[in-house]
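Read the figures in this text as sums done on the coordinates, not as results from a lab. Small disclaimer: the values here were computed from a predicted structure and weren't measured. As a convention, Cβ positions derive from the backbone with ideal geometry for all residues, glycine included, and neighbour counts pool all protein chains shown.
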Amino acid sequence: MIEIISKSKCISCGLCVSVCPTGVFDQEKGKVPVIARKDDCQTCFMCEVYCPVDAMYVSPNVEEVAVNEEELVVSGILGSYRRELGWGKGQSSSAASDASYKMFQMMSKLPGH
Amino acid sequence: MSNQVGKQPKGEREVETDVLVIGGGPSGTWAAINAASKGARVILVDKGYCGTSGATAPSGTGVWYVNPTPEEQEKAMKSREALGGYLQDRKWMKNVLNRTYSNVNQLDTWGYPFPLDEDGHKHLKSLQGPDYMRLMRKQVKKAGVKIWDHSPALELLADEHGVGGAAGVFSETGERWKVKAGAVVIASGGCAFLSRALGTNVLTGDGYLLAAEAGANLSGMEFSNAYAIAPAFSSVTKTAFYTWATFYYQDGSIIEGAGSQRGRSVIAKTLQTQPVYARLDKADEQMQKWMRKAQPNFFVPFDRLTINPFTDRFPVTLRLEGTVRGTGGIHLINENCETKVPGLYAAGDAATREFICGGFTGGGSHNAAWAMSSGSWAGEAAGEYALNLGSNASKRNVAGISTTPISANWSKSNKKGFVLSEITESVRAEVTPTEINLFRNEKTLQSSLQRLDLIWEEIRLGILANNPNVVRVREATAMTATARWMYSSAIERRETRGMHKRLDYKEQDPRFHYRILTGGLDHVWVKPDQPLHQEEGVRR
């Protein structure tokens, strides 16, 4: 569930407001968006993936949990999924190293597949 | 619940187009692009955001991409027939294989970064959701299609000639919209009943309701009890990865017979009384590396909680995927993906996938292939249909056909109101428990259906009529209707076939070798489709 929009990192671009499929955020013009409908968050991580400045944190828990922003920044978790997908600045998509085909090859050898 | 909660609507925007596509996931985007390729003007509306909405975008999916040689196609078609209970259709399967082959090659041409192996050979059998759907959005725009995000459709517009558009709301402002269109493609996905399975909370059966209100039929709604394995705390459903898992009781002893495929019933049964734990201890080091590169999303929850899924036991649950990974949906009358209602088309998970899957999917690859193929056909046919109407289209006097009142007031507050929450939860309580929906029998299905009928009656009597949260009201209405079609069909199929398991009829029965149609709103009806003539599997 979405837990943080970092006020210090956010550039108020509004992209998270646009891309959230369940309309969780509201934004006053030029201001940092707010988590207005947290209950509607479906924990899909898409806001994190699209955020250009790694200001979002979606907790992996589908229920609300307490998180500490400073600890998250120190741990390097903010923006980690975006980097994993190769969507960060100067990166190229990790889809190019998708190893699904290797898994499928192994799976087809298992009994019953 | 009261009128005072909602603001007055801020007016209405009314436009005309040739084709309106409802839903911006894989099937909707392919439909929009292909309708535009016929020269039609196209508007695509999405309840959320085209590019992130739905089950595909946050995940990754295999694709039923098969070399178009007769031998390889034959093998691909044959491999699934028994699992699906021989309800497929070879002609459809072959067409889907061919269309998927050319569409995936099209993605390659558009620049999707398919991986190369050590020999420089390209592999096109899987797609990363975020990249795939970002690319599709770009191509939709390039095709000249207008995308309206956060613009849920609330009802179809129709006249005596059939469907002619839809009306909805812009979620950000509450302003209403009305699109008069020569043809409408429903591509709004299936129904997972707000289970929080990855990306599925926008999939509430909205398109089924729209179609049924216009008089379209549904098919295969008994194949609607897919459950996916996920860590208990998490939304990330990825059943295939649990092929490499061992399942454990709380005390660390192994649950015999539990597995990701045929052993899922054992997991479900165990979860009814106690927690179940998993550990992916069958994956060797090489496989562990491949898994990470195949589905980065799978590891996000584990990494964040510093769980190593290969060495640590973690609690798992089953999340309902309903018809999203079931196979039922809107019935199609031909390979143009037409419904029986003129001007109305359906594609992707919103439509029945029985033609290629029968009563069982077991994986995303067929659904992905179906979405891109049916989406393309629906788009092309809708485009041609609308262009043939010519200037007649704009003279039509179409009106909204919702069966339930839609409040003129507006609120997007998440204070949904007590009554609305209660209705939603009551429906979820009927479809979520594996005791009712996975292990089915006449008695529990009948009593569940009676309760669902009562909920429907309350909605029809107007219990939600003044609720200004009109989008959530329509979702609750759609889920109620969907559950009733599911269980009505499940009662009718007195046998076990595909994913439909009946405790009171445990065998596949050749006398039920047909698809089951359903429909209707106040009065839900069920009837057999024509008998199928292809070879029935040997009874197991």
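Can you tell me the order of B:154-161, B:519-526 when each peptide is scored by its average per-residue count of other Cβ atoms within 10 angstrom, highest first?
Going by the mean number of other Cβ atoms within 10 Å, highest first, we get B:154-161, B:519-526.
Just grab the label-to-label distance for B:ARG511 and A:LEU110, each label 7 Å out from Cα along the Cβ direction, in nm (one decimal).
About 3.8 nm, to one decimal.
So what is Rg over Rh here for the range B:354-430, counting just Cα atoms and using Kirkwood for Rh?
1.14
Per-residue Cβ counts within 10 Å, from other chains only, averaged over A:53-63: what number is that?
What the average comes to for A:53-63 is 4.
Can you give me the three principal axis dimensions of the protein assembly as shown from its C-alpha atoms, in Å, biggest first?
The Cα atoms of the protein assembly as shown stretch 66, 66, 50 Å along their principal axes.
Which of the chymotrypsin sites (Phe, Trp or Tyr not before Pro) across the range B:109-151 are loop residues per DSSP, with 14 or fewer other Cβ within 10 Å?
Those satisfying the criteria are B:TRP110.
So which GluC sites (Glu not before Pro) in the range A:1-100 pass both tests, a DSSP loop state and at most 12 other Cβ atoms within 10 Å of the Cβ?
Within the range A:1-100, the qualifying GluC sites (Glu not before Pro) (loop, at most 12 other Cβ atoms within 10 Å) are A:GLU28, A:GLU63.
Mind jotting down a quarter of the surface of the convex hull over the alpha carbons of the range B:132-227, in square nanometres, one decimal? Write down the numbers at each step before the final one.
On the way: hull surface 32.2 nm².
So the Cα hull casts an average projection of 8.0 nm².
Which trypsin sites (Lys or Arg not before Pro) does the range B:224-267 hold that lie in a coil by DSSP with at most 16 other beta carbons within 10 Å? Please list the in-between numbers first.
Details: sites: B:LYS238, B:ARG262, B:ARG264; in loops: B:LYS238, B:ARG262.
Hits after loop and neighbour filter: B:ARG262.
Would you mind telling me which residue in A:VAL67, A:VAL32, A:VAL19 has the biggest mean-square fluctuation in a Gaussian network model of chain A, where springs connect alpha carbons within a distance under 10 angstrom?
A:VAL67
What is the average number of partner chain Cβ atoms found within 10 Å of a Cβ in A:79-85?
The mean count of partner-chain Cβ atoms within 10 Å per residue comes to 4.
What residues qualify as long-range amide H neighbours of B:TYR227, i.e. H under 5 Å apart, gap of 5 or more or another chain, H built at 1.01 Å from N?
B:GLU321
About its Cα centre, how strong a charge dipole does chain B have in debye, to the nearest 20, once Lys and Arg get +1 and Asp and Glu get -1 at the Cβ?
580
Setting aside same-chain residues fewer than 8 positions from B:LYS122, which lysines have a Cα under 24 Å from its Cα?
B:LYS122 reaches A:LYS102, A:LYS109, B:LYS75, B:LYS94, B:LYS138, B:LYS289, B:LYS293.
Taking only the C-alpha atoms, wrap a convex hull around chain B and report its volume per residue in Å³ as a whole number.
Taking the convex hull of the Cα positions in chain B, it is 149 Å³ per residue.
Each residue of the range B:191-202 in turn: what ³J(HN,Hα) in whole Hz from Karplus with 6.51, -1.76, 1.60 and θ = phi - 60°, glycine and Pro shown as x?
These are the phi-based 3J(HN,Hα) values: 9, 10, 6, 6, 7, 6, 5, 3, x, 9, 6, 8 Hz.
Counting helices only, and only those DSSP H runs with n ≥ 4, report the 222 nm mean residue ellipticity of chain B as the sum of -39,500 (n - 2.57) divided by its residues, in deg cm²/dmol to the nearest 500.
For chain B, the value works out to -11000 deg cm²/dmol.
Counting only residues 5 or more places away or on other chains, whose amide H sits under 5 Å from the amide H of B:ARG13 once H atoms are built in the peptide plane?
B:ARG176, B:TRP177, B:LYS178
For the protein assembly as shown, give the magnitude of the charge dipole about the Cα centre (Cβ charges: +1 Lys/Arg, -1 Asp/Glu; no others), in debye to the nearest 20.
Here the size comes out at about 420 debye.
Could you tell me what fraction of 2.2 N^0.38 Å the Cα radius of gyration of the range B:415-540 comes to, as a two-decimal ratio?
Ratio of Cα Rg to 2.2 N^0.38 Å: 1.21.
Please list, in chain and number order, the residues 5+ apart from B:ALA346 or on another chain whose amide H is under 5 Å from its amide H, with Hs placed from the backbone.
Amide H neighbours of B:ALA346, under 5 Å, 5+ apart: B:ILE186, B:THR339.
What is the average number of partner chain Cβ atoms found within 10 Å of a Cβ in B:288-295? It would help to have the intermediate numbers written out before the result.
Values: counts 0, 2, 9, 4, 4, 10, 8, 4.
Averaged over the peptide's residues, the number is 5.
I'd like the per residue volume of the convex hull spanned by the Cα atoms of the range B:450-514, given in cubic angstrom.
Per-residue hull volume (Cα only) is 101 Å³.
Quote the FRET efficiency, to the nearest 0.05, computed for B:TRP110 versus B:ARG428 with a Förster distance R0 of 30 Å and r equal to the Cβ-Cβ distance. Working shown, then result.
Numbers: r = 39 Å, r/R0 = 1.31.
The formula returns an efficiency of 0.15 here.
Taking 45 Å as R0, compute the FRET efficiency from the Cβ-Cβ separation of B:GLU72 and A:ARG83 and round it to 0.05.
On the way: r = 38 Å, r/R0 = 0.84.
So, using R0 = 45 Å, E works out to roughly 0.75.
Residue by residue, what Karplus-based ³J(HN,Hα) values in Hz, rounded to whole numbers, does the range B:132-144 have, using 6.51, -1.76 and 1.60 with θ = phi - 60° and x for Gly and Pro?
Per residue, the Karplus-derived 3J(HN,Hα) values read 4, 6, 5, 5, 5, 4, 4, 5, 4, 5, 4, 6, x Hz.
Run the simple label-point estimate for B:GLN261 and B:HIS161 please: 7 Å along Cα→C-beta, distance reported in nm.
Between B:GLN261 and B:HIS161, the simple spin-label model gives 5.2 nm.
HN-Hα J couplings of the range B:310-319 from phi, Karplus 6.51/-1.76/1.60, θ = phi - 60°, integer Hz, Gly and Pro as x?
So the Karplus estimates, Gly and Pro as x, are 8, 10, 9, 7, 10, x, 10, 9, 10, 9 Hz.
Once you have a ≥ b ≥ c as the square roots of the Cα gyration tensor eigenvalues for chain A, tell me rounded if a/c is under 1.5, and otherwise prolate or oblate according to whether a/b is larger than b/c.
Taking the square roots of the gyration eigenvalues as a ≥ b ≥ c, chain A is prolate.
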